[in-house]
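> Here it is, the structure in full.
The values are calculated or read from the model by the stated rules, or taken from the named source; none is laboratory data. This is a predicted model, so every value here is computed, not measured. Methodologically, a virtual Cβ is constructed for each residue, glycine included, from the backbone with ideal geometry; neighbour enumeration extends over all protein chains shown.
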Amino acid sequence: MKLRRAPVITMALIIVIALAAPLLPIADAIHMDVAHRMAPPSWPHPLGLDELGRDELARILWGGRASLVVAFTASLIAGLCGTIIGVMGGFLRGIVEQLLLRGVDVVLCFPPLLLALLVVTLLGPGTRTLILVLSVLFVPGFARVAYAGTLTVRTLSFVEAVQSLGASPLRIMIRTISPNIAGPVLVQFSLTAASAIVLESGLSFLGLRVVPPTPSWGLAIGAARATMGQAPLLLLWPSLALTVTILAMNALCDALRDAFEPHAASRSVARHLHEALLPPRAIPASDRLLEIRDLTIAIETPSGGTALPVRALSLSIDPGETLAIVGESGSGKTLTGLSILGLLPDAARIASGALSFQGSDLRRLDEAGWRHLRGGDVAMVFQDPMSSLNPLHRVGAQLAEAMTAHRRASAREVGERAVALLQQVGIPDAARRATAFPHEMSGGMRQRAMIAMAIANNPRLIVADEPTASLDVTIQAQVLDLLAALKQRSNLALIFISHSLPVVAEIADRVAVMYAGEIVEEGPAPLVFATPRHPYTTALLASTPREQGKPPPAIGGVVPPPDDMTQGCRFAARCPHCLDPCSTRPARLIEVAAGWRSRCWRWAET
Ligand code: SF4
């Protein structure tokens, strides 16, 4: 982390001057020369005398001590409490969100003066009470900033990626969410500290103040307001001190925020380099690794209805097999993939159906069970490696996190394994790359790093959601080769989600074609591609872009929306073969041949 020097030095200077006030050759800050009240600046009194004849320069320098203690302590307490509330509410959602945010709303609704009066009555006046009152008053501001930031960050792909690795919510909130909302929280801190100093004088009539004759900037501003007509300069000096401090604090907070950005110089996270790959886990002789039966996913619509983006879907995959799920956007393939890891978005839920992994019912898993599964036996590779990797952490550290989420290991062991994993996925100069931030890598290298994270704990199944969509053709081929090699080496099963049939043709053993939430054809990849048995598969193949010649025609029409409850074949509106029988659709896939099924009445003719 590299911190800009100027703001640090300026802030340090202000603090040192305030602390060193007793040692400086200045006049007594308490001594009163009543005869010369409000005297203008002179040689012995460079800033003049205040309304009681005390040296203004001495009171400003001494006043910094009390004001900074009040401002920093209250802001720190409020910042800590508010950020914890905001992050927990924004990340955990549900009942935790309701309880925490309603609590914050109650504090917000409470008139500040009434709150201050209540605390003064209970605890009595004084600086400690002032800090407590200010802390309570400032908590909602921090909570709301942290909550809004968390709601934004939690939807980013790298948070989903860390979840898919099985990291605990506490770990995600501390290591992934908090650094990414540090910027706005630090800005809030500088604004809050400024308000604290001003409020210190504003609440003085309740006894909530630094007790006179101890000097403070808040007291000085409050007193100077009363004599502004006779001695305007007395308002200028404390205001100037406050302004300079706030500007320095803003600059320091900006510098801190920038220091969290991933542009800092590299620092080694893995010093010891040698091949330390874990031996691949033995795969039990189970027929079905994953089995999905009649899975229906529902989403409640804003109008009160229910949309079904995935309907009665059945799939299975064996160890070492590659199953490709293909279809246009909106076909439900990504939701199907996310359901396998229990990562459906908040708005979606499994309405019915069964999912089992190695014979265990996934729908019975509690949160701890899901965390154990994610990133352990089942891993996920997301589409965009840039947004799926945390921009604030080095790649080696993210690999280490993927490992330590599932087992205890020394820093040295984890560092070595991170480098070995990067070597395994073909990243050259792996030791140096482990210390790089995601933005310092090419797109292909980032996707390799994501794959390294996915295989970090020797999973039995990887769900890869469009893993090559953001890559150019050459890199795409390299990533496909890598996945094929990894699969062969460790008998890994792969669910490859894609909209691109040529990509799928290269890697898939079996293919499931999805349309409007349903599987419309499923079978061995070579047979499905050579002689498709559903008009939608035929149309998809015909619309595949070619390297040369005219671009192929797109499939006419659009995918019906998930809340469309038409009884007939869902492809009917776009199907050139549609006839009377198509007004009812096959409830089940029709067996075309052994292991090959279609959801079309007219499969034999198409
Ligand atoms: S069932 Fe009818 S409308 Fe549906 S794909 Fe087959 S031929 Fe077309």
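> Of the residues 138, 205, which is of a type in the set (Phe, Trp, Tyr), at pLDDT 80 or above and outside any loop (DSSP other than H, G, I, E, B)?
Being of a type in the set (Phe, Trp, Tyr), at pLDDT 80 or above and outside any loop (DSSP other than H, G, I, E, B) holds for just one of 138, 205, which is 138.
> Among the residues of segment 437-452, count how many are surrounded by fewer than 20 Cβ atoms within 10 Å (Cβ to Cβ) and closer than 17 Å to residue 397 by Cβ.
3
> Here are some conditions: (1) of a type outside the set (Ser, Thr, Tyr); (2) within 16 Å of the ligand (Cβ to nearest atom); (3) in contact with a Gly (Cβ under 8 Å, 6 or more places away or on another chain). Residue 465 meets all but one. Which one does it not meet?
Result: residue 465 passes all but (2).
> Right, here's the next one. Taking the condition more than 18 Å from residue 511 (Cα to Cα) and of a type outside the set (Val, Ile, Thr), does residue 335 pass?
Answer is no for this residue.
> I want to confirm something. Restricting to segment 147-200 and keeping residues that are assigned to a loop (DSSP other than H, G, I, E, B) and touching a residue at least 60 places away in the same chain (Cβ under 8 Å), which single residue is surrounded by the most Cβ atoms within 10 Å (Cβ to Cβ)?
By that ranking, first place goes to 165.
> If we scan segment 118-127, do we find a residue that is among the polar types (S, T, N, Q), in a helix (DSSP H, G or I) and exposed (fewer than 14 other Cβ atoms within 10 Å of the Cβ)?
Checked segment 118-127: at least one residue is among the polar types (S, T, N, Q), in a helix (DSSP H, G or I) and exposed (fewer than 14 other Cβ atoms within 10 Å of the Cβ).
> Just checking, which of 605, 591 is more than 16 Å from residue 328 (Cβ to Cβ), part of a strand (DSSP E or B) and over 40 Å from the mean Cα position of the chain (by Cα)?
Only one candidate passes the filter, namely 591.
> Of all residues in segment 378-416, which are out of contact with any helix residue (DSSP H, G or I) (no Cβ under 6 Å at 6 or more places or on another chain) and surrounded by 24 or more Cβ atoms within 10 Å (Cβ to Cβ)?
378, 394, 398, 415
> In the same structural domain as residue 242 (by TED's automatic domain parsing) and closer than 17 Å to residue 400 by Cα, is that true of residue 171?
When the stated conditions are applied, residue 171 passes them.
> For the condition under 25 Å from residue 490 (Cα atoms), modelled with pLDDT of 85 or more and among the polar types (S, T, N, Q), what is the one hit in 360, 352, 331?
360
> Which residue pairs have Cβ atoms closer than 6 Å, lie 6 or more positions apart in sequence or on different chains, and pair a first residue in segment 575-589 that is under 15 Å from residue 538 (Cβ atoms) with a second residue that is within 6 Å of the ligand (Cβ to nearest atom)?
If the second residue must be within 6 Å of the ligand (Cβ to nearest atom), the pairs left are 575/535; 577/535; 577/602; 578/572.
> Scan segment 456-478 residue by residue and report those that are β-branched (Val, Ile, Thr) and either surrounded by 24 or more Cβ atoms within 10 Å (Cβ to Cβ) or not assigned by TED's automatic domain parsing to the domain that holds residue 430 (or both).
Across segment 456-478, the qualifying residues are 463, 468.
> Please give the number of the condition residue 537 fails out of (1) among the β-branched types (Val, Ile, Thr); (2) surrounded by 20 or more Cβ atoms within 10 Å (Cβ to Cβ); (3) assigned to a loop (DSSP other than H, G, I, E, B); (4) within 12 Å of the ligand (Cβ to nearest atom).
Here residue 537 meets the rest and fails (3).
> What are the residues in segment 41-64 that are crowded, with 21+ Cβ neighbours inside 10 Å and not small (Gly, Ala, Ser), if any?
Hits for segment 41-64 are 45, 47, 49, 50, 54, 55, 56, 59, 60, 61, 62.
> What are the residues in segment 540-569 that are outside any loop (DSSP other than H, G, I, E, B), over 25 Å from residue 308 (Cα atoms) and touching a residue at least 24 places away in the same chain (Cβ under 8 Å), if any?
Correct list: 541 only.
> So residue 528 clears everything in (1) crowded, with 18+ Cβ neighbours inside 10 Å; (2) part of a helix (DSSP H, G or I); (3) within 12 Å of the ligand (Cβ to nearest atom) except one condition, right? Which one?
Answer for residue 528: the failing condition is (3).
> Going residue by residue through segment 484-503, is there one that turns out to be aromatic (Phe, Trp, Tyr) and outside any helix (DSSP H, G or I)?
yes
> Specify the residue that is farthest from residue 533 (Cα to Cα); the eligible residues are those in segment 561-588 that are among the hydrophobic types (A, V, I, L, M, F, W, C) and more than 8 Å from the ligand (Cβ to nearest atom).
565
> Please go through segment 540-560 and give me each residue that is over 28 Å from residue 507 (Cβ atoms) and either near the ligand (Cβ under 8 Å from one of its atoms) or not small (Gly, Ala, Ser) (or both), ordered by number.
558, 560 - these are the residues of segment 540-560 that are over 28 Å from residue 507 (Cβ atoms) and either near the ligand (Cβ under 8 Å from one of its atoms) or not small (Gly, Ala, Ser) (or both).
> Among the numbered conditions (1) away from the ligand (no atom under 11 Å from the Cβ); (2) at pLDDT below 90; (3) in contact with a Lys or Arg (Cβ under 8 Å, 6 or more places away or on another chain), tell me where residue 519 comes up short.
(2)
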